[in-house]
Amino acid sequence: MDHEKVNILLVDDQPAKLLAYEVILKDLGENLVIASSGREALEVLLKTEIAVILVDVCMPELDGFELAAMIREHPRFQKTAMIFISAIQVSDIDRLRGYEMGAVDYVPVPVVPEVLRAKIKVFAELYRKTRELERLNQELEDRVRARTAELENSTAKLRESEQRRSMAIAAGKMGSWDWDWISGDWMWDEGQYRIFGVSPESFEVNPANVQALLHPDDVDQLRKAIAEFNRGTRAYETEFRIMRPDGEVRWCVGTAAATVDDSGRVVRVSGVTVDITERKRAEERQNLLAREVDHRAKNALALAQSIVRLTRADEVKAYVNAVEGRINALARVHTILSLSSWQGAELSRLIDEELAPYSLGGQIILAGPQVQLLPATAQTLALALHELFTNSAKYGALSTRSGRLTIGWQVEDQLLTLSWEESGGPLVMTPKSRGFGTRSLLASVESQLGGQARFDWRAEGLLCRLEVPLTRKPAATPPSEKFEDTGSAELQRASG
């Protein structure tokens, strides 16, 4: 269907990327406006009506976040849709910052052409339909003022009805209707039938049948509108839900206006219905994302606070190193979870991330199937593995070139069993007391995950066995503060 083109502003400091975006978006048939910097983009906005802004986050002088803030400060652009493109992995905090500044979406690099076109098309259509609705409301008000003198002219009524139907169909998810206040007759156009999920052949438009399609909690809106018109109100607008015959619930916004005779009595009510279900769902997703970001940020801060509060050391440097190591372990698993949109983390990837700082070549053997961990389980297990790796590198098999470490795991009946076997390192002696590492490891695996941790202090090397349920939802609270770091070697070993 032919439609008026809208302007899409592309902002990036790299000409090659701007050219790529033009190639990707040219099939949309819209007007593409180019800006090579944030300041140039502001100049374009002041001169041109823009529907959607596609802006790179990382730009010199004025980055995407700063540009978004300046745009939002201008009253004219407070509702302009902005989509950020980021060539780096942005955190949930950065995403929340972007949404607070008015971003409607993020597109990662490399850009998938079909995804970018789909996102731009949605907001271009939303912009176009919003403008059409504004024009439609204005035209409706004009008709209400003009129709009083033409009420008895059937030809004029038919022409106006045809205009409403054509505009509603052209707008997509819109419909128009007339209600003869005197005779009680209704008239719906095709768009109105489509929104309510009924057909003109099988559905009789009358107050009872229309009310039956309204959500029970929104029926009072219809009664309120009728009462308002009886009290002299000439225009009314409200949001409401409908329940289609197939059970689907749709959100709509309805605008109605009354026509009165010379005595001021209402003789006809005309209106427009717009299906806004997709907009409502988008708002719900954005609110859910904000709550999720808040929840995850609080959990991460609680874990970091617990690490700082519980760590003890005889020297400041040792304390700093211990805290940094544990927080870095938490940051690594957080990155893995972010890449999966917080769906979970694969165990071997978790182990690889903990191995990365050591670069130990062939000293370590890994054996086990792919195991997907829940986010909270992954966070807790990552900290436990960090303690084992840290102490092995300081006192155990990984502290010497001759040392060997074998990590194996298997899953049976949703129970993960992980074995940690060291050999070839310094002679091991059973520790006289448990340090923070051992006690926090036991607490996290047993209290947080509902599993078990067993240690066998063999002379040739530590043997540790962790059993972790995969289906139990881990506890949300950090380990108890009773597990204090004594500053002693957590998994003490003594060379012979």
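The values are calculated or read from the model by the stated rules, or taken from the named source; none is laboratory data. Just so it is clear, the model here is predicted, and its values are computed rather than measured. Ideal geometry is used to build each Cβ from the backbone, glycine not excepted, and the neighbour counts take in all protein chains shown.
Put simply, of Ile24, Ile83 the only residue that is within 26 Å of Lys129 (Cα to Cα) and touching a Pro at 6+ places or on another chain (Cβ under 7 Å) is Ile24.
For the stretch 385-434, enumerate the residues that are β-branched (Val, Ile, Thr), closer than 12 Å to Leu463 by Cα and at pLDDT 90 or above.
Matches in the stretch 385-434: Thr406, Ile407.
Test Ala235 against the criterion of being of a type outside the set (Val, Ile, Thr) and more than 21 Å from Leu140 (Cβ to Cβ), and give yes or no.
So Ala235 fails the test.
Can we say Asp275 is of a type in the set (Asp, Glu) and over 19 Å from Ala212 (Cβ atoms)? Answer is no for this residue. In summary, Ile195 fulfils each of the numbered conditions (1) modelled with pLDDT of 85 or more; (2) farther than 30 Å from Ala81 by Cα; (3) out of contact with any helix residue (DSSP H, G or I) (no Cβ under 8 Å at 6 or more places or on another chain) with the single exception of condition (2).
Conditions tested, residue by residue: (1) at pLDDT below 90; (2) in a strand (DSSP E or B); (3) more than 40 Å from the chain's Cα centre (by Cα).
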residue: Thr238; (1), (2), (3): yes, yes, no
residue: Asp246; (1), (2), (3): no, no, no
residue: Ala258; (1), (2), (3): yes, yes, yes
residue: Lys280; (1), (2), (3): yes, no, no
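Within the stretch 2-37, being closer than 15 Å to Ile83 by Cβ, touching a helix residue (DSSP H, G or I) at 6+ places or on another chain (Cβ under 9 Å) and without any contact (Cβ under 8 Å) to a residue 40 or more places away in the chain holds for Leu32, Val33, Ala35.
Would you be able to tell me the number of residues in the stretch 1-21 that are part of a helix (DSSP H, G or I), surrounded by fewer than 13 Cβ atoms within 10 Å (Cβ to Cβ) and either in contact with a Lys or Arg (Cβ under 9 Å, 6 or more places away or on another chain) or not small (Gly, Ala, Ser) (or both)? Adding up the residues that qualify gives 1.
Being in contact (Cβ under 8 Å) with a residue 40 or more places away in the chain, in a helix (DSSP H, G or I) and either among the hydrophobic types (A, V, I, L, M, F, W, C) or surrounded by 15 or more Cβ atoms within 10 Å (Cβ to Cβ) (or both): is that true of Ile53 here? It is false that Ile53 is in contact (Cβ under 8 Å) with a residue 40 or more places away in the chain, in a helix (DSSP H, G or I) and either among the hydrophobic types (A, V, I, L, M, F, W, C) or surrounded by 15 or more Cβ atoms within 10 Å (Cβ to Cβ) (or both).
Can you find a residue in the stretch 80-88 that is over 18 Å from Val115 (Cα atoms), in contact with a Leu (Cβ under 9 Å, 6 or more places away or on another chain) and at pLDDT 75 or above? Yes; the residues of the stretch 80-88 include at least one that is over 18 Å from Val115 (Cα atoms), in contact with a Leu (Cβ under 9 Å, 6 or more places away or on another chain) and at pLDDT 75 or above.
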